[in-house]
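Rule-based calculations on the coordinates, nothing more; no lab input. Computed from a prediction, not measured in an experiment: that's the story for all the values here. Using ideal geometry, Cβ is built from the backbone for each residue, glycine included, and neighbour counts are taken over all protein chains shown.
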């Protein structure tokens with residue numbers, strides 16, 4: 001079945017540096033790739049998403065890239081700030097009603 | 001709008017007991033979902049619903065049941081609780097299927113002892 005692998009599981013960066021989280025998916029029919037941010041003790045919230053007809057999408061300090069041939073997509077956060085510290089989940093879906101989530105990356109931004 | 005509201009936030013259940021996790025949304029979303037989140041794992045879909053009266057199994061439905069009598073409410077029932085059901089449970093809703101944003105509740109941390 002569909003599988004999404006996410007790396008790294010933990011990432012620690014200095015404030016102001018960039019952070020990159022990578023995900024690979026197994027089902028080539030996947031066409032929607034959201035990223036959710038979950039702060040400690042809070043609910044997951046969508047921060048950015050990308051569809052398969054687009055190779056890159058940017059929203060201020062965050063960007064997502066998609067390589068359909070290699071079946072991987074990445075989240076890029078530039079100029080990291082302490083409030084970026086959270087767990088980030090990538091996900092993939094082929095449509096329908098099933099979204100497959102990665103295991104999550106815990107990002108620490110050190111001031 | 002309150003969004004998606006779950007109750008309770010925390011609960012301790014004894015093995016073999018049953019309970020219902022409540023979920024309600026006020027965004028008039030047709031689609032609702034129940035996920036469980038285990039440490040170091042992604043969210044796993046338990047059940048979903050595409051509208052009142054319609055429910056279907058997700059990836060990990062065993063030990064759970066749901067109902068959807070109204071658009072707003074989507075309760076999750078645990079029968080004969082087992083330690084393996086210790087987890088954080090999230091309810092979510094959306095305007096469409098898996099290709100649209102999911103709006104999550106604040107979660108229910110359930111411990112089965």
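Tabulated results
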| quantity | calculated |
| --- | --- |
| Shape of the protein assembly as shown, Cα gyration tensor, a/c cut at 1.5 | prolate |
| Distance between segment B:14-37 and segment A:69-111 - C-alpha centres, whole angstrom | 24 |
| Gyration tensor verdict on chain A (Cα atoms; rounded if a/c is under 1.5, prolate if a/b is larger than b/c, oblate otherwise) | prolate |
| Antiparallel content of DSSP bridges confined to the protein assembly as shown, in %, to 5 | 90 |
| Approximate shape of chain B as ellipsoid semi-axes (Cα gyration tensor, √5λ), whole Å, largest first | 22, 14, 13 |
| Segment A:3-62-segment B:52-103 distance, computed between alpha-carbon centres (Å) | 24 |
| Approximate spin-label separation residue A:20-residue A:56, in nm, with each point projected 7 Å along Cα-to-Cβ | 1.2 |
| Segment A:27-75 - Rg and Dmax from Cα coordinates, angstrom | 11.8, 36 |
| Mean separation of Cα contacts under 8 Å (6+ apart) over length of chain A, as relative contact order % | 37 |
| GNM result for chain B, Cα springs below 10 Å: residue of B:75, B:83, B:61 fluctuating most strongly | B:83 |
| Compactness of segment B:1-59 as Cα Rg over 2.2 N^0.38 Å, two decimals | 1.28 |
